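Data first, discussion second: the structure below is written as structure tokens.
The values are calculated or read from the model by the stated rules, or taken from the named source; none is laboratory data. A quick note: this is a predicted structure, and the numbers were derived from the prediction, not measured. As a convention, Cβ positions derive from the backbone with ideal geometry for all residues, glycine included, and neighbour counts pool all protein chains shown. Accessible surface is based on the protein model in full, side chains and every heavy atom, while ligands, DNA and RNA are left aside. Shrake-Rupley method; radii C 1.70, N 1.55, O 1.52, S 1.80 Å.
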Amino acid sequence: MCYFEQTRWTCGYWKWGNFRQQCPKEYRTGETCGLKLVYTTSYKSENCKLCEQIEKKNRRLEKLQRDVERWRQEGNRPATIEKTERDIEEIAERVNQLWEDHIGRQASIS
Ligand SMILES: [Zn+2]
């Protein structure tokens with residue numbers, strides 16, 4: 001068991017930080033035994049980078065969806081609509097992946 005710093009964000013996301021202290025079981029200098037324990041936790045008063053990315057992408061999605069709606073009403077630019085809808089799908093998929101990463105990370109620690 002080796003001790004590491006940990007950072008936690010308000011949204012529940014966390015990550016390991018610097019290595020702090022070696023456990024008695026590990027004799028190789030500078031090596032860690034692979035089992036990480038929390039040495040100290042620093043709390044951030046904000047959401048994590050993942051959340052930021054998700055928010056940014058969601059705002060972009062909303063904008064693109066509004067654009068498509070407007071173009072439909074105007075009845076022109078079918079090619080642009082088609083292209084934008086593909087973009088929307090791609091971004092939505094990416095947002096799902098980000099969420100899965102995020103939920104997985106929140107679930108793996110109590
Ligand atoms: Zn987050």
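In this Cβ point-charge picture (+1 for Lys and Arg, -1 for Asp and Glu), the chain has a dipole of about 340 debye about its Cα centre.
Once the mean of 1/r is taken over each pair of separate Cα atoms and inverted, the chain shows a Kirkwood hydrodynamic radius of 17.1 Å. Take region 49-107 with all the other protein chains still there, run a 1.4 Å probe, and you get 76 Å² of accessible area per residue.
Taking Cα atoms only, the orientation of helix 49-74 departs from the longest principal axis of the chain by about 10 degrees.
Farthest toward the dipole's positive end in the chain, which of Q73, T41, L61, given Cβ charges of +1 (Lys, Arg) and -1 (Asp, Glu) about the Cα centre? Of the options given, the answer is T41. Using the Kirkwood radius over Cα pairs, work out the Stokes-Einstein diffusion coefficient for region 49-107 at 10 °C and 1.306 mPa s, in µm²/s as a whole number. Here the translational diffusion coefficient equals 128 µm²/s. Against the chain, whose longest principal axis is taken from its Cα atoms, helix 78-107 shows a tilt of about 20°.
For the chain, which whole percent of the accessible surface, found with a 1.4 angstrom probe, sits on carbon and sulfur atoms?
So the carbon and sulfur contribution to the accessible surface is 46 percent.
Estimated from helices alone, the mean residue ellipticity of the chain at 222 nm is -18500 deg cm²/dmol (sum of -39500 (n - 2.57) over DSSP H runs with n ≥ 4, per residue).
Using a simple spin-label model with pseudo-atoms 7 Å out from Cα toward Cβ, T40 and A92 lie 4.6 nm apart. For the chain, the number of Lys pairs separated by eight or more positions or lying on different chains, with C-alpha atoms closer than 22 Å, is 12.
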